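J.: Sharing a structure, written as structure tokens. Questions coming.
The values are calculated or read from the model by the stated rules, or taken from the named source; none is laboratory data. For clarity, every value in this text was computed on a predicted model and none was experimentally measured. Using ideal geometry, Cβ is built from the backbone for each residue, glycine included, and neighbour counts are taken over all protein chains shown.
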Amino acid sequence: MTFDPALQDADPEVSDLIAREDTRQRDSLRLIASENYASRAVLEASAASLTNKYAEGYPGRRYYEGMDVIDPLEALAIDRAKAIFGAEHANVQPYSGSPANLAALLALVEPGGTILGMSLPAGGHLTHGWKVSATGIYYNAVQYGVRESDHRLDMDQVRALAKEHAPKLIWCGHSAYPRTVDFAAFAEIANEVGAHLVADIAHIAGLVAGGAHPSPVPHAAAVTTTTHKTLRGPRGGLILCKQEHAKAIDKAVFPGLQGGPHNHTTAAKAVAFKEALDPSFKDYAAQIVTNAKALGEAFLARDHALITGGTDNHLLLLDLTATGISGRVAAKALNGCGIELNGNSIPFDKRKPFDPSGVRIGLAALTSRGLAAEHMDAVAGFIDEGIREAAKHDGAVSDAFATSLAGRVREYLQPFPAPGLSH
Ligand SMILES: *Cc1c(COP(=O)(O)O)cnc(C)c1O
């Protein structure tokens, strides 16, 4: 038995599947708002031997020996995270965004305590107290939504619910809301009712890092995020907080919720944080928003309906009600045409969450490939063509149509190298 063949020799099945995924990611128009292309450097770090090491605890306070490398590595990731966001404290160990949110709850609210968060159908995340999430099962969750008239956050409703229910913690942040969040207004309400404000910037962390969205860090007790969405790092989580909550947050992550940190991911986070600290990341963040706005205009020019009429961030919510097909059906048809996006509920959706009326479109991944505002008309054209064809045929598109559109998409993307993937 030899232990060291490269993946292709050791396991051709897995190797081939990975190669197929590389090709798929290279050839398709990737518009899922939570996804991106991590750089080759980030991917390399996440494949490092650090995965072999156990390191329960924190730098300088570990339960295992052999921390010569892990300690300075984690300290480096922490310092860079603090520098990006101007935070007093950072915990880089959360396995992903959901565990980061659970840790914030564990640190700041006693079990069964009342929390206030944005509801899932309005654009919030499961972990902000939705009923099937642990956060809705173990805590008394109250939820706010958006205004029916303009589908924007209604701070009067947030204030009224906060006054009525006196939550211990208020969540702000979202997975499908195309507008800027007023963190100062949330902080004012949290302050009025004596609640901790926690901002979950999983979707917009890259925009905040690059100065293309206001930062919640000055306003919130804690800020949670993923590292793999607009921040363009490895799959993982991150918590930033005020010094006064540092101990409680660290205790909640370990030993409260997790065991050993994933050191290979810590390394990849450190690499991604270095990339985010580079001045060019500001341009990247600004370009994402520019592209999203341009794509929105291109959809409006093609008579599509956008929730809130446009966007301030990286994402658009298209309301497909007028087309006669659901978001899920459209997304499935488009996927066969090399266009990847997801069906999504729209505010006050008349359809079920599993078969919603909208699609969500994010620009982080295409922007990472170098597409700019002048390319957005073509992108809208591909999507519009697919949706119209699907609508004409009750949701289905023919194989010939799908093959033709997928081929044109692949050709269009050819001049834009996909970061991280071999060519
Ligand atoms: C994606 C997301 C999360 C969860 O992240 P996972 O890494 O999938 O667990 C949490 N909050 C928000 C707002 C998100 O969009």
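J.: Kindly check whether there is at least one residue in the range 261-269 that is surrounded by fewer than 22 Cβ atoms within 10 Å (Cβ to Cβ) and charged (D, E, K, R).
T.: The answer is no; no qualifying residue exists.
J.: A follow-up question, please. Residues being under 19 Å from THR265 (Cα atoms) and either within 14 Å of the ligand (Cβ to nearest atom) or part of a loop (DSSP other than H, G, I, E, B) (or both): count how many of those fall in the range 83-101.
T.: Total satisfying the criteria: 10.
J.: Which residues, taken from the range 410-423, are loosely packed, with under 14 Cβ neighbours inside 10 Å and either in a helix (DSSP H, G or I) or on the phi > 0 side of the Ramachandran plot (or both)?
T.: GLU411
Let's see how each residue does on (1) assigned to a loop (DSSP other than H, G, I, E, B); (2) touching a Ser or Thr at 6+ places or on another chain (Cβ under 6 Å); (3) more than 30 Å from ASP283 (Cβ to Cβ):
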| site | (1), (2), (3) |
| --- | --- |
| LYS350 | yes, no, yes |
| VAL379 | no, no, no |
| GLU385 | no, no, yes |
| GLY395 | yes, no, yes |
| THR403 | no, no, yes |
| ARG408 | no, no, no |
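J.: Could you grab me the full set of residues in the range 365-387 that are over 14 Å from THR290 (Cβ atoms) and of a type in the set (A, V, I, L, M)?
T.: ALA365, ALA378, ALA380, ILE383, ILE387
J.: Follow-up. Considering only the range 179-218, how many residues are in a strand (DSSP E or B) and within 14 Å of the ligand (Cβ to nearest atom)?
T.: Going through the range 179-218 one residue at a time, the tally reaches 3.
J.: Residues in the range 200-210: is at least one surrounded by 22 or more Cβ atoms within 10 Å (Cβ to Cβ) and more than 16 Å from the chain's Cα centre (by Cα)?
T.: No: the range 200-210 contains no residue that is surrounded by 22 or more Cβ atoms within 10 Å (Cβ to Cβ) and more than 16 Å from the chain's Cα centre (by Cα).
J.: Which condition from (1) part of a loop (DSSP other than H, G, I, E, B); (2) crowded, with 17+ Cβ neighbours inside 10 Å is the one that GLU65 breaks?
T.: Unmet for GLU65, out of (1) part of a loop (DSSP other than H, G, I, E, B); (2) crowded, with 17+ Cβ neighbours inside 10 Å: (2).
J.: Looking only at strands (runs of 3 or more DSSP E) that fall completely inside the range 219-336, which ones have 1 or more residues that are polar (S, T, N, Q) and either more than 23 Å from the chain's Cα centre (by Cα) or outside the structural domain of ILE189 (by TED's automatic domain parsing) (or both)?
T.: Where strands (runs of 3 or more DSSP E) fall fully within the range 219-336, none carries at least 1 residues being polar (S, T, N, Q) and either more than 23 Å from the chain's Cα centre (by Cα) or outside the structural domain of ILE189 (by TED's automatic domain parsing) (or both).
J.: Pairs under 9 Å by beta carbon, first residue at positive phi in the range 185-209, partner within 12 Å of the ligand (Cβ to nearest atom) and assigned to a helix (DSSP H, G or I), six or more apart or different chains?
T.: From residues that are at positive phi, there are no pairs.
Conditions tested, residue by residue: (1) at pLDDT 95 or above; (2) surrounded by 22 or more Cβ atoms within 10 Å (Cβ to Cβ); (3) more than 16 Å from the ligand (Cβ to nearest atom).
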{"site": "PRO111", "(1), (2), (3)": "yes, no, yes"}
{"site": "ILE115", "(1), (2), (3)": "yes, yes, no"}
{"site": "THR127", "(1), (2), (3)": "yes, yes, no"}
{"site": "TRP130", "(1), (2), (3)": "yes, no, no"}
{"site": "TYR139", "(1), (2), (3)": "yes, yes, no"}
{"site": "GLU148", "(1), (2), (3)": "yes, no, yes"}
{"site": "HIS151", "(1), (2), (3)": "yes, yes, yes"}
{"site": "ASP154", "(1), (2), (3)": "yes, no, yes"}
{"site": "GLN157", "(1), (2), (3)": "yes, no, yes"}
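J.: I've got another one for you. Checking LYS229 against (1) surrounded by fewer than 24 Cβ atoms within 10 Å (Cβ to Cβ); (2) of a type in the set (D, E, K, R); (3) within 16 Å of the ligand (Cβ to nearest atom), only one condition comes out false. Which one?
T.: Failed condition: (1).
J.: Kindly indicate which of ALA134, ALA81, ALA55, ALA122 is within 28 Å of TYR284 (Cβ to Cβ) and either outside the structural domain of THR367 (by TED's automatic domain parsing) or surrounded by fewer than 21 Cβ atoms within 10 Å (Cβ to Cβ) (or both).
T.: ALA81
J.: Specify which of the listed residues (ASP9, ASP4, ASP16, ASP22) is part of a loop (DSSP other than H, G, I, E, B), over 19 Å from the mean Cα position of the chain (by Cα) and not assigned by TED's automatic domain parsing to the domain that holds GLY210.
T.: None of the other options fit; the residue is ASP4.
J.: Can you find a residue that is within 19 Å of the chain's Cα centre (by Cα) and more than 30 Å from GLN157 (Cα to Cα) anywhere in the range 105-117?
T.: no
J.: Is it the case, given these coordinates, that ALA252 is touching a His at 6+ places or on another chain (Cβ under 8 Å), closer than 26 Å to GLU56 by Cα and away from the ligand (no atom under 13 Å from the Cβ)?
T.: No, not satisfied.
J.: Considering only the range 103-148, how many residues are in a loop (DSSP other than H, G, I, E, B) and of a type outside the set (Phe, Trp, Tyr)?
T.: Count: 16.
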